[in-house]
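Coordinate-derived values only; no laboratory data. As the structure is a computational prediction, the values presented were derived from the model and not from experiment. Here the Cβ is made from the backbone with ideal geometry for all residues, glycine too, and neighbour counts use every protein chain on show.
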Amino acid sequence: MIHQCPCGFATDDQLWFTSHQAQHVLKRDHDVSAMTVDELERARRDLQASLALARPGSMTSVPVMARVRAIDKELAQRTKESIHGPSWPRS
């Protein structure tokens, strides 16, 4: 069976196709900016629990880790802004 991705990638190997789709998930923007700090911390704990239940090397961990990284980045940005003030783009 040939697996076709909307980006044009096609293969008859299910593992390769799953891996390819995971790359799209990694590149997708996970917008967590509307969440409160409490919501971010709770979501991160829940995601960490999901990772603990996943088998090592499982493809299910790819989107979970992408979301964890987005949460970590948002929390780091908020911490930086609380210390240094908001960063404004300079022209």
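Shown for HIS84, HIS30: other C-beta atoms within 10 Å of each C-beta, ranked fewest to most, produce the order HIS84, HIS30.
Which three semi-axes in whole Å describe the equivalent ellipsoid of region 3-84, each the square root of 5 times a Cα gyration tensor eigenvalue, listed largest first? Intermediate values should be presented prior to the final figure.
Working: eigenvalues 181, 50, 14 Å².
Rounded to whole Å, the semi-axes are 30, 16, 8.
The ranking of LEU40, LEU51, LEU15 from fewest to most other beta carbons within 10 Å of each one's beta carbon is LEU15, LEU51, LEU40.
Shown in residue order for region 7-14 are the 3J(HN,Hα) couplings computed by the Karplus curve 6.51 cos²θ - 1.76 cosθ + 1.60 at θ = phi - 60°: 6, x, 5, 9, 7, 9, 9, 4 Hz (x for Gly and Pro).
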